[in-house]
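Let me begin by handing over the structure; questions about it come next.
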């Protein structure tokens, strides 16, 4: 007879209608409660609020988990409504994690600040994010010796300044901080300076180049940047391929800005009564032209570098492709064009080195979240050419006709020949 029999006997004492009524009410209440709880627990905002609350916990492991959840959420979604009234509150907690947290926590917090800025977009909030974070980020970048943390911080500094800076002075402040990492001798160091490792050096150059794209060419004084270009040209000889690639991209920007030809109006012997200033400009012009020749020769070498045993083929091909583009830029002024399909109806395009560097950096920073932000974030639409994909509306016959255009065919043939030449380790004449 056990408990099961007693329960059965008790139920049998109820009138059948009462049992049905009790069962109905109980079941209905249970289902309603469960549905409400499930909806609440699964609410994205509820989960995000839990992460925000966890940022105030004393245990670093709890804050790390919260930051990881927030980073993943801001990568995969465009969460502008969520941060409407808590943007600066979040920022302060992120900064606290950079100051006091472990390397992992600081890296996550740096990434979270960058994602916060990208989500906010331009405006007063973006400027406040930059103004509040630039000092702690700069301190974290210049002090300490943790390269992993510094890589995350320099990426974040580039993003917040790119989006939030209101004027040239603010941008130049961050550029100067980054340059101290790239070229430590330029900083206020009194003791021996230590060259950053290759990973940090490449990351700092890429972040610096990304931010440099915001300075219009007419503002760039050749005298101001001559030393930077000269140092970057020496990095084309660096044993690490990632450093050579980063330095090449930075140098390409200066060619697009026209820095190497800024002094071209000053010709030697044009004025026998030239002042010291004019003579100085003539000397600078000849120096820059000589440097231009050296860079072109080195770019040619790197565009055809042969791969030895154990060579990372992808990095080698990336290097060859980049420096062939740089050769084309120097010799013909041709800039690389990129067309990136981001949805069934829209395509994102770039047609300058400036835009290409911006695109590559944002893709690198956003990672798997780039496509979502490219689709939904107006900030990216403002930065790049964002338009309907006209090719997507063409019939198969029209697409074939378009691709069969003579100019298109010639370009494709040239690209194939150049690619084949790079694989073989030599260049084929463009007239072939």
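Can you find a residue in segment 89-103 that is at pLDDT 95 or above, more than 16 Å from the chain's Cα centre (by Cα), in the same structural domain as residue 170 (by TED's automatic domain parsing) and closer than 14 Å to residue 163 by Cβ?
yes
Take the conditions closer than 30 Å to residue 261 by Cβ, modelled with pLDDT under 75 and either assigned by TED's automatic domain parsing to the domain that holds residue 253 or not in a loop (DSSP other than H, G, I, E, B) (or both) and apply them to residue 415. Does it pass?
So residue 415 fits the description; yes.
If you don't mind, there's one more thing I want to ask. Could you list all residues from segment 307-327 that are assigned to a loop (DSSP other than H, G, I, E, B) and either in contact with a strand residue (DSSP E or B) (Cβ under 9 Å, 6 or more places away or on another chain) or closer than 26 Å to residue 255 by Cα (or both)?
none
Is it true that some residue in segment 34-55 is within 27 Å of residue 148 (Cβ to Cβ), loosely packed, with under 10 Cβ neighbours inside 10 Å and either in contact with a helix residue (DSSP H, G or I) (Cβ under 8 Å, 6 or more places away or on another chain) or at pLDDT 90 or above (or both)?
Within segment 34-55 (the criterion being within 27 Å of residue 148 (Cβ to Cβ), loosely packed, with under 10 Cβ neighbours inside 10 Å and either in contact with a helix residue (DSSP H, G or I) (Cβ under 8 Å, 6 or more places away or on another chain) or at pLDDT 90 or above (or both)), the answer is no, since none of the residues qualifies.
Please verify whether residue 272 is farther than 21 Å from residue 363 by Cα, assigned to a loop (DSSP other than H, G, I, E, B) and modelled with pLDDT of 85 or more, treating the condition exactly as stated.
It is false that residue 272 is farther than 21 Å from residue 363 by Cα, assigned to a loop (DSSP other than H, G, I, E, B) and modelled with pLDDT of 85 or more.
When segment 364-384 is examined, which residues are found to be in contact with a helix residue (DSSP H, G or I) (Cβ under 7 Å, 6 or more places away or on another chain) and assigned to a helix (DSSP H, G or I)?
Correct list: 365, 366, 367, 368, 369, 370, 372, 373, 374, 379, 380, 383.
If I filter segment 248-265 for residues that are in contact with a helix residue (DSSP H, G or I) (Cβ under 7 Å, 6 or more places away or on another chain), surrounded by 13 or more Cβ atoms within 10 Å (Cβ to Cβ), modelled with pLDDT under 95 and on the phi > 0 side of the Ramachandran plot, do I get at least one hit?
Yes, some residue in segment 248-265 is in contact with a helix residue (DSSP H, G or I) (Cβ under 7 Å, 6 or more places away or on another chain), surrounded by 13 or more Cβ atoms within 10 Å (Cβ to Cβ), modelled with pLDDT under 95 and on the phi > 0 side of the Ramachandran plot.
The values are calculated or read from the model by the stated rules, or taken from the named source; none is laboratory data. None of these values were measured; they are calculated from a predicted model. FYI the Cβ positions are ideal-geometry reconstructions off the backbone, even for glycines, and counts take in every protein chain you see.
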